[in-house]
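Below is one structure, written out as structure tokens; comments come after it.
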Amino acid sequence: PELASLDAAKDAERIYDRMSASADCILSHDLPADSPRFNWANARGLAAFEYDLETLVTIESRKSAPDTGTEEERARLLEAVRRQGFIDDYCGVRISASGRTFMLNRATVWNVVDTNGELVGQAAKFHFPDESCSE
């Protein structure tokens, strides 16, 4: 059992290192029912949203979308991910700290589970900038 734990820890460390160094934007949020908050982002994700990590983790992830009727769409997205485990075709508008809007095109969104298999959050990966769908 200890050897398996060590292998799992090494695997987790390798995954973390790869996500941190990825050229794609990767962010995650926790899952309290009322207001999920960002809890991690790699450097590309922080650059896309124009936040440092200390500020990002204080923000409800729903506030990363403009107030233009996207709340219902976002709720449907998160529920689909909860049910299916992931989606790999999400498109939507997001807003940065400076107010700049940008598109997510073909973003992958997946469930994050703990070592017991319990759902603890969701994460997303997308290319930025994606000129193929920019406003």
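The values are calculated or read from the model by the stated rules, or taken from the named source; none is laboratory data. All of these numbers come straight from a predicted model, not from anything done at the bench. Ideal geometry is used to build each Cβ from the backbone, glycine not excepted, and the neighbour counts take in all protein chains shown. For the accessible areas, the whole protein counts, side chains as well, though only heavy atoms, and no ligand, DNA or RNA atoms are used. Shrake-Rupley method; radii C 1.70, N 1.55, O 1.52, S 1.80 Å.
Side notes on the structure shown:
- Per-residue accessible area (protein heavy atoms, 1.4 Å probe) orders THR108, THR58, THR115, THR101 as THR115, THR58, THR101, THR108, starting from the largest.
- Close amide H partners of PHE128, meaning residues 5 or more places away or on another chain with modelled amide H under 5 Å apart, are CYS25.
- If a spin label sat at a point 7 angstrom from the Cα of ASP7 along the line to its beta carbon, the backbone N atoms of region 100-125 nearer than 20 Å would be those of 114-117.
- Once the Cβ-Cβ distance of ARG76 and GLU118 is raised to the sixth power relative to R0 = 30 Å, the FRET efficiency obtained is 0.85.
- Our helix-only sum for the chain, with -39,500 (n - 2.57) per DSSP H run of n ≥ 4 divided by its residues, gives a mean residue ellipticity at 222 nm of -10500 deg cm²/dmol.
- About its Cα centre, the chain has a charge dipole of approximately 180 debye under the convention of +1 per Lys or Arg Cβ and -1 per Asp or Glu Cβ, with nothing else charged.
- The mean sequence distance of close C-alpha pairs (under 8 Å, at least 6 residues apart), as a share of the length of the chain, puts its relative contact order at 23 percent.
- Here the label points at ASP89 and ALA43, each 7 Å from Cα along the C-beta direction, are separated by 3.4 nm in the simple model.
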